[in-house]
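Have a look at the structure below before the remarks.
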Amino acid sequence: MKKITLFLCSALLVLAACNKHQNEYTLNGHLDDAAFEGKMVYLYDAFMGTVMDSTTITNGVFTFKDTVSSPKMVTIRTNEEDMNYNMMAVLEPGTIYADLVNDSLSGTALNDVLHRFLVSDEALGEGLEEDYYTLMTIEDEEEQKAAMQEFQERYDEAIAEDIKLIKQYYDENKTNILGVYFINNLVELTPDQLTSEQLENLLQGAAPEVVNHPSVQMKMDMLKKLEATKVGQPYVDIDVVDFKTGNAAKLSDYVAGKIALVDFWASWCRPCRGEIPNIANIYKKYGDKIAVISLNVWDKPESQAEAIQELNMNWIQLTDPTKNATEAYGVNSIPQIILIGADGTILARDLREGAIEEAVIKALE
C-alpha cells in the first residue's frame, strides 16, 4: 500500500510539472530605440488596465516568461512622458515575438490572427490622420469646409469597412479570448447603433469566457444605460459638487424645472476645449433663459480650476465626485453635450458645434 501511495505521488508530481510546462509562455520583445535602453517595459491587462508584470530593456530586447491557465490579452507598453511604444498581444503557451518599433507580432496561433487583423485595420485608416491635420491648416473657411466634408465621407467609409472587418474576425474568434477584444471594439465603434438586445444576439454561441468577461459585461451595462438616457427618456439625477462653493449637490438642483444644457468635459480633452467657445456663445445668448452647465469628469481638481480660469468659463461649473456621472449616462467618450427639457425629458444628445444652438432654439420655441 505504501509503495502504491508513493507511486501515485510521484505520478502527480510529474503530471503537475508537465502541465506547468504546457502552460508556459515566453514573450521575446524587441525595442531597438536607444532612448529606451535600460528603461522599463510593462505588461498591462488589455481590458482592465492593471499592471501584470514589468522588466528592463537591455541591448534593445526584453523577455517575459511565465505560465497561463488560459490565453490572456495584454498590452506591452512603455511608460515614458515624452514618447511611448505599445502593442497588443495574447499570452498563450509557446514562444511569442513582439517588435514594438516595427509593430510585428508572431509566434503563436492567436497572435498570428491578432497581427493579421491589426495590419488590415491599420490599412483601412492609412493616411486619414495626416490628411486631417493638413486640412486643419487650411486658412480659407469655405475651402476648409469643403475639404472637411470630403474627409468626413472618406472617414465614414473607413469606419464602415472597419466594422465589417471586426464582425468577420469576431465571428471567427468568438470561442477564444480574441472574441472579447473584437466585441469590445465593435461596441466602441457603434454605441449609437448597437442595442443591448443586439449585443446579446451577437454573444449567442460565444464561449463563456467571452460572454462573462467583465469588460463585455461592462459594455452591456453601458448600452443599457445609453438606452435608459436616450432622447425622449427622463434625465438621471446624479451627485455633483459645485465647483464655486465646494458644496455637495445634485444635478437636479440646477436642472429641475428649466431647460438645461449639460456638457460632460475634461481639461485634458482637446475636442472638449474646442466646444467651450460654442458653450460660451450659448451662455451669452440664452443664459437668462436656460441653465448652462459644464460637468467636469475624469479630471484633476487643479486641472479643472486652471482650465476654467484660462477659458473664462463663468457659467455653472460642476464636478463629478463619485466618478459615476458618465456611467449613469452610458458615456464612454467626451465631450458629451446633452440638452434637457423643462419637464426633465432628454431632448438631444451628442450635440456638437452649430447643432448645439439649433437644439437650444428648437427647445425654446
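Quick notes on this structure:
- Within region 1-75, strands (runs of 3 or more DSSP E) holding 1 or more residues that are at pLDDT 90 or above, open to solvent by 50 Å² or more (accessible area, probe 1.4 Å) and among the hydroxyl-bearing types (Ser, Thr, Tyr): 40-45, 51-56, 61-67
- Qualifying positions in region 206-255 - of a type outside the set (A, V, I, L, M), more than 30 Å from Asp343 (Cβ to Cβ), assigned to a helix (DSSP H, G or I) and free of Cβ contacts under 8 Å to residues at least 24 places away in the same chain: Pro208, Gln217
- Qualifying residue in region 260-267 (condition: of a type in the set (D, E, K, R) and out of contact with any helix residue (DSSP H, G or I) (no Cβ under 6 Å at 6 or more places or on another chain)): no
- Count of residues meeting criterion [closer than 24 Å to Val216 by Cα, touching a Phe, Trp or Tyr at 6+ places or on another chain (Cβ under 6 Å) and part of a loop (DSSP other than H, G, I, E, B)] in region 332-363: 2
- Each residue in region 184-204 was checked for being under 18 Å from Glu227 (Cβ atoms) and in a helix (DSSP H, G or I), and 11 pass.
- Considering only residues in region 324-344 that are open to solvent by 40 Å² or more (accessible area, probe 1.4 Å) and of a type outside the set (D, E, K, R), the one that is modelled with the lowest pLDDT turns out to be Asn332.
- Sole exception among (1) touching a residue at least 12 places away in the same chain (Cβ under 8 Å); (2) assigned to a helix (DSSP H, G or I); (3) open to solvent by less than 70 Å² (accessible area, probe 1.4 Å) for Glu306, by number: (3)
- Of residues in region 153-173 being at pLDDT 90 or above and open to solvent by less than 40 Å² (accessible area, probe 1.4 Å), the one farthest from the chain's Cα centre (by Cα): Asn173
- Looking across Asn281, Asn314, one residue alone is over 21 Å from Ala256 (Cα atoms), surrounded by fewer than 20 Cβ atoms within 10 Å (Cβ to Cβ) and among the polar types (S, T, N, Q). It is Asn281.
The values are calculated or read from the model by the stated rules, or taken from the named source; none is laboratory data. What you are looking at is a predicted structure, and each value in this text was computed from that prediction instead of being measured. Glycine gets a Cβ as well: all are built from the backbone with ideal geometry, and neighbour counts include every protein chain shown. Remember, those area values only see protein heavy atoms, side chains included, never the ligands or the DNA or RNA. Shrake-Rupley method; radii C 1.70, N 1.55, O 1.52, S 1.80 Å.
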